[in-house]
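Single-structure report; data block below.
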Amino acid sequence: MKSVTKTGGQLIVEALKANGVKRISCVPGESYLAVLDALYESGIGVLVCRQEGGAAMMADSWGRLTGEPGICMVTRGPGATNASAGLHVARQDSIPMILFVGQVARDMREREAFQEVEYRRAFTEFAKWVGEIDDARRIPEFVTRAFAVATSGRPGPVVLTLPEDMLVEEVEAPEAQPYTRIESHPGKSQIAAFERALKEARRPMFIVGGTRWSEEAHRDFADFAARFRVPVGCSFRRQMLFDHLHPSYAGDVGIGINPALAREIKEADLLVLLGSRMSEMPSSSYTLIDIPYPKQKLVHIFPDPEELGRLYRPDLAICAAPAEFVAALKELEAPASPAWSERTGAMHESYLKWSKPPEDGPGPVKMGPIMTWIEENVPDDAIFTNGAGNYATWLHRFHRFRKYNTQSAPTSGSMGYGLPAAVAAKQLFPEREVVCFAGDGCFMMHGQEFITAVRYGLPIITVLVNNGIYGTIRMHQEREYPGRVSATDLINPDFVAYAQAFGGYGELVERTEDFGPAYLRARASGKPSIIEVRLDPEAITPTRTLTQIRNKT
Ligand SMILES: Cc1ncc(C[n+]2csc(CCOP(=O)(O)OP(=O)(O)O)c2C)c(N)n1
């Protein structure tokens with residue numbers, strides 16, 4: 001093995017290059033100047049952000065859309081705590097990511113030195129692994145392990161902290177080598193058992209979710225579903241895993257699930273969870289599958305053995321990444337006329353009806369026709385991002401996702417995710433349209449990253465649904481405490497002026513028919529844009545108004 005003599009900062013950057021890193025997001029700090037210096041002329045693209053939460057969410061979005069760890073660098077203390085918002089998303093959503101955090105010098109630790117935090121204690125629950133690199137000679141070992149941990153089994157974030165004095169030390173260290181991807185294939189006998197279970201079934205149901213998919217697996221699974229005519233639902237915010245116009249598509253297994261679909265999942269005689277954990281949101285608060293003994297015969301495929309049987313005891317547990325399981329399905333022979341063909345067709349019909357946007361609604365701007373316009377005018381390969389809020393319901397229920405890698409949205413329900421996720425997506429796929437859906441509450445959580453889009457020439461289109469309230473919470477509030485409005489009203493800046501002040505393009509939409517032309521002008525502007533859609537707060541869900549929720553009518 002060759003060795004090299006370099007500073008800790010240089011060794012970090014060398015290890016990133018050895019692992020194929022092309023870009024990082026960061027907010028700089030004096031605690032890791034030596035790394036910043038090593039990035040100079042490194043060829044690695046640096047996306048300088050305005051708040052570490054946004055920077056970490058950009059790295060999460062890269063990880064989500066590539067399967068390779070997104071890399072983020074932040075300073076100690078306040079930088080790290082800001083970034084923890086993005087760490088939490090990556091943890092809950094099983095996204096590979098590595099967060100590098102500057103740390104106080106080794107001889108100052110345990111004095112509560114300036115901005116000192118003991119990250120191995122503080123971030124244990126936020127990350128798959130938290131390591132502190134005490135010795136610059138061990139940088140290749142730590143970084144290679146970080147890549148392996150972030151991507152293997154159930155992917156997730158890793159935190160590596162970098163004592164400031166370690167980074168300037170010049171040492172002889174082994175030359176960094178790329179990490180080895182850990183694959184996890186299903187066994188032959190497991191595939192045979194899966195085939196038997198499917199043969200015996202009358203009412204099968206597949207739910208796809210999680211990560212460790214690929215474009216090829218997406219295509220191959222669509223082929224499998226077409227050959228076997230099985231119904232397929234997508235777990236919450238994993239909608240890009242299955243073409244919504246595929247005749248097997250049964251709908252979104254998320255918040256506000258189609259009741260007909262929920263019934264079919266409960267009444268299935270074979271339930272196949274492919275990559276999904278079926279956590280609180282997709283399981284309708286753990287009501288679709290009994291814990292610990294499901295009524296349905298359960299096949300659970302997941303890349304981490306610790307997840308299998310944790311909540312739901314499976315009849316057949318297969319420890320494999322979805323992509324590798326799907327590859328094994330090619331060998332299976334489909335029945336000539338599956339017993340469930342008609343049921344699958346009926347479920348798809350039910351989905352098509354469920355996903356038809358309403359034409360009416362309170363106020364002069366109606367989201368239903370706006371969604372119809374988007375469906376007809378935005379390309380199939382456009383990437384949609386969002387954070388949390390009722391506005392996202394319009395996207396989840398009415399947008400028909402067609403292709404792989406067209407969605408970047410937090411299953412963890414983190415507000416403020418959509419804008420940084422869009423910036424990252426556009427940087428990754430400059431030739432594709434990237435549309436950020438945001439509420440007025442959600443947008444303002446990381447609205448400062450709009451300048452990052454401007455700075456790097458990333459013309460994202462933001463559809464900012466402004467109803468002047470923290471709508472989701474107001475909805476819950478009116479239901480639980482009718483008429484007692486507390487802490488859910490907002491005032492907002494002029495979002496058109498905001499976009500312009502940042503050097504972007506802005507439009508205000510106050511009538512439904514103005515949306516299409518505004519969108520086309522935003523697209524033509526070639527600039528990052530905000531289309532502010534003024535929505536009546538009464539239009540809180542596609543089917544119920546705030547007043548109806550308050551009055552329980
Ligand atoms: C970081 C974070 N803080 C708070 C919440 C709780 N929360 C969920 S939705 C929501 C309101 C979202 O408001 P807005 O973006 O305006 O969308 P709307 O619901 O009005 O459509 C809040 C406060 C959250 N999910 N994430």
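Numerical summary
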{"read-out": "Residues located in the stretch 134-160, provided they are open to solvent by 10 Å² or more (accessible area, probe 1.4 Å), in contact with a strand residue (DSSP E or B) (Cβ under 6 Å, 6 or more places away or on another chain) and not β-branched (Val, Ile, Thr)", "value": "Arg137, Pro140, Phe142"}
{"read-out": "Any chance Thr287 is open to solvent by 40 Å² or more (accessible area, probe 1.4 Å), polar (S, T, N, Q) and farther than 15 Å from Ser94 by Cβ", "value": "yes"}
{"read-out": "Evaluation of Ile473 against (1) in a helix (DSSP H, G or I); (2) open to solvent by 20 Å² or more (accessible area, probe 1.4 Å); (3) away from the ligand (no atom under 12 Å from the Cβ) (one fails), failing number", "value": "(3)"}
{"read-out": "Subset of the stretch 533-548 (residues that are farther than 12 Å from Thr472 by Cα, within 15 Å of the ligand (Cβ to nearest atom) and outside any loop (DSSP other than H, G, I, E, B))", "value": "Val533, Arg534"}
{"read-out": "Subset of the stretch 81-132 (residues that are more than 16 Å from the ligand (Cβ to nearest atom) and of a type in the set (S, T, N, Q))", "value": "Ser94, Gln103, Gln115, Thr124"}
{"read-out": "Scope the stretch 220-263; condition part of a helix (DSSP H, G or I) and among the polar types (S, T, N, Q); matching residues", "value": "Gln239"}
{"read-out": "Any hit, the stretch 22-31, residues being open to solvent by less than 30 Å² (accessible area, probe 1.4 Å), under 23 Å from Met166 (Cβ atoms) and among the β-branched types (Val, Ile, Thr)", "value": "yes"}
{"read-out": "Tally of residues being over 30 Å from Ser412 (Cα atoms), of a type outside the set (A, V, I, L, M) and in a helix (DSSP H, G or I) across the stretch 170-219", "value": "8"}
{"read-out": "Residue within the stretch 447-464 that is away from the ligand (no atom under 16 Å from the Cβ) and part of a strand (DSSP E or B) present", "value": "yes"}
{"read-out": "Residue satisfying condition, being outside any helix (DSSP H, G or I) and either in contact (Cβ under 8 Å) with a residue 60 or more places away in the chain or surrounded by fewer than 23 Cβ atoms within 10 Å (Cβ to Cβ) (or both), within set Lys266, Lys295", "value": "Lys295"}
{"read-out": "Any pair with Cβ under 8 angstrom, 6 or more apart, that starts in the stretch 7-23 at a residue that is in contact (Cβ under 8 Å) with a residue 60 or more places away in the chain and ends at one that is open to solvent by 20 Å² or more (accessible area, probe 1.4 Å) and of a type in the set (Asp, Glu)", "value": "Thr7/Glu169; Thr7/Glu170; Gly8/Glu169; Gly9/Asp37; Glu14/Glu175; Ala18/Glu175; Gly20/Glu68"}
{"read-out": "Only one of Gly63, Gly86, Gly77 that is at positive phi and either open to solvent by less than 10 Å² (accessible area, probe 1.4 Å) or in contact with a Phe, Trp or Tyr (Cβ under 7 Å, 6 or more places away or on another chain) (or both)", "value": "Gly77"}
{"read-out": "Residue in the stretch 194-202 that is within 30 Å of Thr66 (Cβ to Cβ), surrounded by fewer than 24 Cβ atoms within 10 Å (Cβ to Cβ) and not β-branched (Val, Ile, Thr) present", "value": "yes"}
{"read-out": "First in the stretch 136-158 and in contact (Cβ under 8 Å) with a residue 40 or more places away in the chain and more than 13 Å from Ala18 (Cβ to Cβ), second anywhere and open to solvent by 10 Å² or more (accessible area, probe 1.4 Å) and part of a strand (DSSP E or B), Cβ under 7 Å, 6 or more apart", "value": "Ala136/Val171; Val158/Trp129"}
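Here's the yes/no breakdown for (1) assigned to a strand (DSSP E or B); (2) free of Cβ contacts under 8 Å to residues at least 60 places away in the same chain; (3) outside the structural domain of Pro369 (by TED's automatic domain parsing); (4) open to solvent by 30 Å² or more (accessible area, probe 1.4 Å):
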position: Glu307; (1), (2), (3), (4): no, no, yes, no
position: Arg310; (1), (2), (3), (4): no, yes, yes, yes
position: Arg313; (1), (2), (3), (4): no, yes, yes, yes
position: Ile318; (1), (2), (3), (4): yes, no, yes, no
position: Ala327; (1), (2), (3), (4): no, no, yes, yes
position: Leu332; (1), (2), (3), (4): no, no, yes, no
position: Ser337; (1), (2), (3), (4): no, yes, yes, yes
position: Glu342; (1), (2), (3), (4): no, yes, yes, yes
position: His348; (1), (2), (3), (4): no, no, yes, no
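The values are calculated or read from the model by the stated rules, or taken from the named source; none is laboratory data. Because the structure is predicted, anything quoted here is derived from the model rather than measured. Here Cβ is always computed from backbone atoms with ideal geometry, including for glycine, and neighbour counts include all displayed protein chains. With ligands, DNA and RNA removed, areas are computed over all heavy atoms of the protein, side chains included. Shrake-Rupley method; radii C 1.70, N 1.55, O 1.52, S 1.80 Å.
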